[in-house]
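The values are calculated or read from the model by the stated rules, or taken from the named source; none is laboratory data. As the structure is a computational prediction, the values presented were derived from the model and not from experiment. Neighbour counts run over all protein chains shown; Cβ positions are idealised from the backbone, glycine included. Quick note on the areas: whole protein, heavy atoms, side chains included, nothing else; ligands and nucleic acids left out. Shrake-Rupley method; radii C 1.70, N 1.55, O 1.52, S 1.80 Å.
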Amino acid sequence: MQENYQNLAPVYDQLQQEIDTKAWADYIQALESRFGQREKPGDGQGGRPLLLDLGCGTGSFCLEMLNRGYDPIGIDASAMMLEQARQKETRQKAACTGGDSPPILFLQQDISRFELYGTVDLIVCLLDTINHLVRPEQVKRLFGLCANYLNPGGLFIFDLASQRHLARTLGNRLFFQDTDQFTLFWQNGYRPQSGISRSELTLFCLEGDGSYARHDETIVEKYYSPNQIRQWLRSSGLEPAARYGDLAMRQPARTDERHFYISRKPAKSGKTIKDVIQ
């Protein structure tokens, strides 16, 4: 995990231009409003909700939630991605869009072994980050850590790439993207027996002298079934609340590219997820 996205970091936001961060933040807040059951003010400064973003990348979601009154903590394994995140935060605050909010705490850690000094009010892990954990014990360990660090009634929300996305949308195909600043070639391969999707990427980045520097990376993802995920969540002490499809408040459809899982640490009041939905 430490090496993934090191060379992609400078162009990552351009590769993810189709992601509407504001829409994702709207969706997460709607899910928290529906399923969350915290019984006290947030653990952030002045009672602000304390948000943990696992696999935060270049920090776009952390910065959006900062503007919405959260105190974010971002964790990522890539030092280069975190450097992009810190630069982005500096630019935002220089433009006075961040107000007087405290600085975001960005930490370089393996998300399957992360450590915090205290508990948080909301945990997210977005853009199929969990699919990058290709050993089931990594996913189980991450779920256990989330259960440990969540406040009672707090939510752990994450999305996973659907089988359709890995097997058909990516499948065994070649992709490329060409811009004025970089060219990316992406050869993808999917193995149905193991559920492993392997991407071999070659990136050519324009240098200051007009030459191009070549970088090669390999990104591996694994498909996990809903039954596996529900079982592992329950074993960790989290309550599975819902599974939705593609930024919608509905059950997943066969055509969905990603599924969202909403789970909660049991509240001290003893209320259940069923009570919240009703």
### Message
Tell me the accessible surface of GLU137 in square angstrom (1.4 angstrom probe, heavy atoms of protein chains only), to the nearest ten.
### Response
90
### Task
Leaving ligands, DNA and RNA out of it, report the carbon-plus-sulfur percent of the accessible area of segment 187-258 at a 1.4 Å probe.
46
### Query
So which trypsin sites (Lys or Arg not before Pro) in segment 151-187 pass both tests, a DSSP loop state and at most 16 other Cβ atoms within 10 Å of the Cβ?
ARG173
### Computed log₁₀ I(q)/I(0) - Debye formula, equal Cα scatterers, no solvent, segment 98-253, q 0.10, 0.12, 0.19 Å⁻¹
-0.50, -0.70, -1.21
### Query
Which translational diffusion coefficient, to the nearest whole µm²/s, is obtained for segment 13-82 from the Stokes-Einstein equation, given a Kirkwood hydrodynamic radius over C-alpha pairs, 37 °C and 0.692 mPa s?
251
### Task
State in Å² the accessible area per residue of the chain; use a 1.4 Å probe, count heavy atoms of protein chains only, and round to the nearest integer.
48
### Query
Measuring from label point to label point, each 7 Å out along Cα→Cβ, what is the THR218 to ARG243 span in nm?
3.0
### Task
With everything on Cα atoms, drop me the angle between helix 79-94 and the longest principal axis of the chain, reported from 0 to 90° to the nearest 10.
70
## Note on the structure
Taking r as the C-beta separation of LEU174 and ASN67 and R0 as 30 Å, the FRET efficiency to the nearest 0.05 is 0.20
## Note on the structure
Protection proxy (average C-beta count within 10 Å per residue), highest first, orders 33-45, 208-220, 73-85 as 73-85, 33-45, 208-220
### Query
How many percent of all Cα-Cα pairs in segment 220-270 sit more than 19 Å apart?
35
### Message
Just to be sure I understand the model, the point goes 7 Å from the Cα along the line to the Cβ. What's the resulting LEU116 to SER33 distance in nm?
### Response
2.3
#### Entry: Whole-number percent relative contact order across the chain, with pairs defined as alpha carbons under 8 Å at least 6 apart
18
#### Entry: Rounded to 10°, Cα long-axis angle of helix 21-35 versus longest principal axis of the chain
20
### Query
Size of segment 1-141 along its principal axes in angstrom, Cα-based, largest extent first?
39, 38, 29
### Query
Packing-wise, with mean Cβ within 10 Å as the measure, how do 228-237, 49-58 rank, highest first?
49-58, 228-237
### Query
Per residue and in cubic angstrom, what volume does the convex hull of the Cα atoms of the chain have?
128
### Task
Among DSSP beta bridges whose residues both lie in the chain, state the antiparallel percentage, nearest 5.
70
### Query
Carbon and sulfur atoms: what percent of the 1.4 Å accessible area of segment 31-109 do they account for?
51
